Amino acid sequence: MSETITLSTTGEVATVQGVVAAEIAALKDRARRAEARTVALKTDELARERRRRAVRRELDAEERAERAAVDGKLIDRILDVDGFLDAEPPMALVKDVLDGGGTSMFIGHRGSYKTAIALDMALCIATGTSWGRHRTERGRVLYLVGEGGGRAFGIRLEAWLTHHDIARDEIRPWFRGVDGAVPLMSDAWDELVEFARDYRPALIVVDTLARHQIGLDENSNSDASDAVAKADHLRAETGAAVMLLHHPPKGGSSGRGASAWEGAADSVFLLTKDEPVPGQVEMVTTKQKHRPETGKWAFRIRQVDVAANGIWPTSMVPVHADPLVVDKAAVEAKAARDAALQTEVLAYIRGREAADMAPNKSEFRDHFNASKRREAALDALADLRMRGEVEEVPGKGRSRVLHVVADATILPFSACNEGADA
């Protein structure tokens, strides 16, 4: 028989089990009511937040409409000669290289140090440091880190600041970055425009264009035109120059995909690794709307120690190379390559002659075509024939074969220079 108790409040007699069950039921009921109140509060808060956002979007739309009504009047954009001649020119962010308010592109294959060189230019602007021999105009920078963000991007900043002996406090107000891509056609891009409108950067770097074109057909000029309009809106709202980092197709030198981006760009720069000499990076101007397309720069990549982080001991910093030294080094490197190939050509012909199998021109081409050096080898052969060290002589039947003149020798390039340098 179940144990009973007398309730003090009512005097009723009830079983213990019944009392416990009633208490449990009451607790559950209170918990359900509390949960329902919490859900209702969250629902009300979400509803209020949605209303606030709707009002904010409506106000922003009204502001944009007002600006468009002012800026969009055709009559206000009709200028006489004085209006054009007396218009204020854009600020030169990097003298003779990069103008304020425009769109530029850095194009290079993977491993061509696009990020390193673009970040170098951006940080020179953020600190007012000369970019090589070019003076900069100090301004704020907003960097969109579409790939390799977080601490990986942090060591790039650390290495650059260390190399240039600049404290982080000095740059803090002048540099902001977005960690992760901001798709051009997303709501996040509109939020970016709002932030940038208040931050007023002089330069916005989009690294890389591919990461920020998510959801768009890279080969569609229609999609690209829509994206260009978003970038143009960002420039118009902030007055900033926008720099886009992009990849070329395999074996190409123009931007991958639709041509609308390069068509809209004011300046385009091509980066090539191991040019003009191995171990360096060459950057050349391929388009400038407002100045001659003559810019050419060379960089060495220096590894700079960074603070212990458990993964990366160093990070890379581009260093401008002396263009005169680069030109001399390029000439010397080419001469050394030519001398090595000419020596190989002589050795090949001599070896065939020793086996009584002197090669004709067709066999010569086939031999070097196997290593994909036919054209270079033919150039080397032409130089050797011009100097009289190789000649064509009658072979078997009516054929003509290649023959090395006695004592023909190609000195190593370093040996050739010893006399000149002494």
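Mind pulling the angle between the C-alpha long axis of helix 151-163 and the longest principal axis of the chain? Nearest 10 degrees, somewhere in 0 to 90. Here the helix axis deviates by roughly 60 degrees.
Simple rule: put +1 on each Lys or Arg Cβ and -1 on each Asp or Glu Cβ in the stretch 164-293, find the dipole, and look at 185, 269, 196; the Cα lying farthest toward the positive end is 269. Sorting the Cα pairs of the stretch 204-320 by distance into bins of 5 Å, from 0 upward, gives 2, 9, 16, 19, 18, 14, 11, 8, 3, 0 percent per bin. Given q = 0.08, 0.13 Å⁻¹, what are the Debye log10 I(q)/I(0) values for the chain, with equal point scatterers placed on the Cα positions and solvent ignored? With no solvent term, the Cα-only Debye profile gives -0.68, -1.16.
Out of every Cα-Cα pair in the stretch 96-149, what percent are more than 14 Å apart? More than 14 Å apart: 59 percent of the Cα pairs in the stretch 96-149. Ranked by the mean number of other Cβ atoms within 10 Å of their residues, highest first, the peptides 306-319, 92-105 come out as 92-105, 306-319.
Placing unit charges on the Cβ atoms of the charged side chains and taking the dipole of the chain about its Cα centre, the candidate lying farthest along the positive direction among 310, 171, 279 is 310.
Normalised by 2.2 N^0.38 Å, with N the number of residues, the alpha-carbon radius of gyration of the stretch 63-199 equals 1.27.
Karplus-based coupling profile of the stretch 378-392, in residue order and whole Hz: 5, 5, 4, 4, 4, 5, 5, 5, 5, 7, x, 8, 9, 9, 9, with θ = phi - 60° in 6.51 cos²θ - 1.76 cosθ + 1.60 and x standing for Gly or Pro. Pairs of C-alpha atoms in the stretch 297-337 farther apart than 13 Å represent 64 percent of all such pairs.
In the structure shown, the pairs 73/95; 250/328; 334/361; 114/289; 114/334 are assessed against 28 Å; a Cα-Cα span above that value is assigned to 73/95; 250/328. Using a cutoff of 8 angstrom between alpha carbon atoms and counting only pairs six or more residues apart, the relative contact order for the chain works out to 13 percent. The loop-placed trypsin sites (Lys or Arg not before Pro) in the stretch 224-305, going by DSSP, that have at most 10 neighbouring Cβ atoms within 10 Å of their Cβ come out as 250. For the chain, the 222 nm mean residue ellipticity estimated from helices alone, with every DSSP H stretch of n ≥ 4 adding -39500 (n - 2.57) and the total spread over all residues, rounds to -15000 deg cm²/dmol. Considering only 107, 81, 134, the residue lying farthest towards the positive end of the dipole of the stretch 71-146 is 107, judged by Cα position with unit charges set on Cβ. Which percent of the accessible heavy-atom area of the chain goes to carbon and sulfur, probe 1.4 angstrom? Carbon with sulfur: 53 percent of the solvent-accessible area.
Here the spin labels are modelled as points 7 Å beyond Cα on the Cα-Cβ line, and at residue 338 and residue 218 they lie 3.9 nm apart.
Listed by chain and number, the lysines whose alpha-carbon sits under 30 Å from that of residue 28, ignoring those within fewer than 8 places in the same chain, are 42. Using Cα atoms only, what is the angle between the long axis of helix 114-127 and the major principal axis of the chain, expressed in degrees (0 to 90) to the nearest 10? Around 70 degrees separate the two axes. Average accessible surface for the stretch 87-233: 44 Å² per residue, computed with a 1.4 Å probe over protein heavy atoms with every protein chain in place. Using alpha carbons only, how many degrees (0 to 90, rounded to 10) separate the axis of helix 187-199 from the longest principal axis of the chain? Relative to the chain, helix 187-199 is tipped by roughly 80 degrees. Within straight-line reach of residue 396, meaning a Cα separation under 19 Å, sit the following aspartates and glutamates at least 8 residues removed in sequence or on another chain: 353, 356, 363. For the chain, DSSP calls about 55 percent of its internal beta bridges antiparallel.
Which of 41, 85, 381 moves most in a GNM of the chain, Cα contacts under 10 Å? Evaluated over the chain, the most mobile residue of the options is 41.
The values are calculated or read from the model by the stated rules, or taken from the named source; none is laboratory data. Source: prediction; values computed, not measured. Every residue, glycine among them, receives a Cβ derived from its backbone with ideal geometry; neighbour counts consider all protein chains shown. Ligands, DNA and RNA are stripped out before the accessible areas are found, and what is left, the full protein with its side chains, is counted by its heavy atoms. Shrake-Rupley method; radii C 1.70, N 1.55, O 1.52, S 1.80 Å.
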